[in-house]
Amino acid sequence: MRQIITAIVLFISLISISSCSSEKGREGGANKEEQLRQVLRVQSLYNIHPGEDIVPEMMATIDSMRSTGRTPYYYAALNVLIDRLFSEGHFAEADSLAVKMQEEADSDSDSLSIAMAKRVRAQMFYKLSQPEKALQELDAAPDYVSDPYRSGSDFGTATSIQEWLWIISRELGDTTAMNEAGEKFASMVDANEKINRWTDSTFHYPVSALSFRAQAAFSKGDNKSAKEFLDSASSKILPALPARAYEHLYTVRCKVRAAHSDWTGAIADADTLLHTHKDFPWFYLKDLLLKAEILNMAGKHEESAKTYSEYVNFHDSLSNKITDKRLHDLTVLYRSELDHEQKRADRFRIFAFGAVILLLVILLLFAFSYSIREKRRNRLLVERLKELDRAAETAFQLEEDHISDDASIIDRLDRHMYFERPYTDPSLSRKELAEFCGISTDALGLLIKNEKGMSVRNYINSFRLEEARRILGSDSDEGIADMAVRLGFGTSRTLQRAFKERYDMSPSQYRDASHDLESPDI
């Protein structure tokens with residue numbers, strides 16, 4: 001059934017391509033007629049031989065079309081081949097061909113065929129239960145169709161993109177995006193009838209447009225308009241055509257009927273969908289779940305459980321089948337592409353090797369240069385810190401020699417910390433310092449906060465860090481971990497973090513820079 005509808009739509013599009021004066025052909029009229037004949041042959045092979053291995057014959061025909069020039073007919077035929085490969089479970093090969101189709105279209109600056117390729121890939125991702133990836137592939141596709149009314153091919157591609165955006169958005173539960181896509185589809189159908197005065201003899205387009213508008217009205221709570229749209233769509237159905245041509249009507253009407261407790265009608269629509277999708281497992285699976293939900297809402301719990309059990313079994317079977325086909329397909333594809341990949345690898349191996357070597361050399365030079373600059377910076381910082389140490393020591397010594405009784409509390413505390421070094425006791429706390437100053441612990445905290453702009457703990461740690469720096473700059477080989485415990489930091493990590501924050505280098509870097517300064521080679 002699907003093949004019949006596809007053939008009808010494809011034929012209409014191809015006739016439009018050949019008759020549209022704005023569509024610039026790449027070859028002469030005789031070549032166009034030949035390519036039209038060839039693409040119709042590819043489609044007929046798909047339709048008439050559904051169970052046979054006709055892919056090689058389809059490929060031979062498409063190769064012939066490619067050799068005489070990539071026209072819209074060529075891309076239409078390629079579309080059919082990709083669909084056939086996918087339906088046979090050759091997922092990787094189908095996707096690879098879709099990517100090639102997009103690359104060729106891009107090379108030809110054929111925006112319409114790029115849009116077609118994106119739509120084809122989106123369909124495959126959707127059928128493989130990857131709606132997010134399908135949406136990502138399809139999002140930019142509408143931008144490649146500059147004028148949907150230029151030809152039947154443009155119109156068919158533009159509306160198909162919106163149709164799939166509607167399907168994917170519905171799957172993702174994005175009602176807003178779904179309604180936007182549906183309205184764009186319907187607006188295109190209305191505009192095409194006015195601009196080109198074209199009427200769809202199958203009524204697929206107007207029925208789908210009315211169904212999308214019915215869904216939008218229903219989602220907004222406008223049940224009256226939804227019913228009117230559905231009644232109008234139902235009146236246009238042609239019984240001679242398969243239900244596949246009007247699947248969106250049955251999908252929307254099924255939901256609306258279920259919402260109004262019309263269980264008989266809803267179940268009938270669900271059965272119609274199941275029948276029309278029996279050869280399309282990715283849609284059939286969703287129809288089973290829909291019917292199970294409706295039966296459950298109708299109170300037919302036993303039938304619902306049976307249908308849901310069928311859904312679970314079919315889901316597992318389909319998943320296993322897809323997995324098996326993917327593995328088989330990937331294996332065959334790998335073997336067929338092995339030589340090509342090997343040649344391509346050989347072609348780029350020397351270039352890649354050279355690029356890697358060059359990159360490594362650049363990285364090594366950068367690292368070496370950075371290391372030299374870092375060492376110079378560290379030595380300069382250490383030198384300046386030691387100069388400050390000598391100046392501070394001289395200043396403290398002078399103050400000690402001329403100490404007065406009226407020295408401030410903070411001055412006496414600073415000298416006590418500098419000369420007596422109580423901070424070397426890991427258990428030193430604000431209590432001992434407060435007793436030395438003859439004030440309360442709260443008063444001590446306030447004093448240090450006001451005079452030094454830091455907490456008591458940070459005040460103590462500042463002296464401990466200076467002590468750590470003194471040790472690191474000496475001949476002592478005391479380890480960082482031992483130093484951290486002895487000075488009250490607890491762990492080497494705590495000491496390293498505090499040291500880095502204060503001096504902008506690690507303890508090890510300070511030790512190295514200090515030793516470098518003392519080395520006669522520096």
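Brief remarks on what is shown
- When peptides 457-470, 492-505 are sorted by average Cβ neighbour count within 10 Å, with the highest value leading, the order is 457-470, 492-505.
- Each residue, Thr264 and Ser492, gets one label point 7 Å from its Cα in the Cβ direction; the gap between the two is 8.4 nm.
- On the beta carbon distance between Ser369 and Glu501, with R0 = 25 Å, the FRET formula returns roughly 0.45.
- Segment 74-85 - phi-based ³J(HN,Hα) in whole Hz, Karplus 6.51/-1.76/1.60, Gly and Pro as x: 4, 5, 5, 5, 4, 4, 5, 5, 4, 4, 5, 4
- Nearest-0.05 FRET efficiency for Ile357 and Asp53, computed from C-beta distance (R0 35 Å): 0.10
- Amide H contacts for Arg421 (H built 1.01 Å from N in the peptide plane; partners 5 or more residues away or on another chain; cut-off under 5 Å): none found.
- Binned Cα-Cα distances of segment 403-518, short to long, each 5 Å bin given as a whole percent: 2, 11, 21, 21, 17, 13, 9, 5, 1, 0
- Counting lysine pairs in segment 190-290 whose alpha carbons fall under 28 angstrom apart, excluding pairs fewer than 8 residues apart on the same chain, gives 19.
- Taken one residue at a time, the phi angles of segment 155-167 give Karplus couplings (6.51, -1.76, 1.60, θ = phi - 60°) of 5, x, 5, 4, 5, 5, 4, 5, 4, 6, 5, 5, 5 Hz. Gly and Pro are set to x.
- Using the average count of surrounding beta-carbon atoms within 10 Å as a protection proxy, the listed peptides 260-267, 77-84, 37-44 rank, highest first, as 77-84, 37-44, 260-267.
- Label point distance in nm, Lys278-Asp139, each placed 7 Å from Cα along Cα→Cβ: 4.0 nm
- Projected label distance in nm at Glu88 and Glu180, using a 7 Å step from Cα toward the beta-carbon: 3.9 nm
- For Asp147 and Arg41, the FRET efficiency from 1/(1 + (r/R0)^6), where r spans their Cβ atoms and R0 equals 22 Å, is about 0.15.
- For segment 197-244 versus segment 64-93, the inter-centroid distance based on Cα atoms is 32 Å.
- Ranked by how many other beta carbons lie within 10 Å on average, peptides 184-194, 118-128 from highest: 118-128, 184-194
Where a number appears in this text, it was derived from the coordinates with a stated rule and is not lab data. Not measured: the values here are computed from a predicted model. Neighbour counts are summed over all protein chains in view; Cβ atoms, including those assigned to glycine, are modelled from backbone coordinates with ideal geometry.
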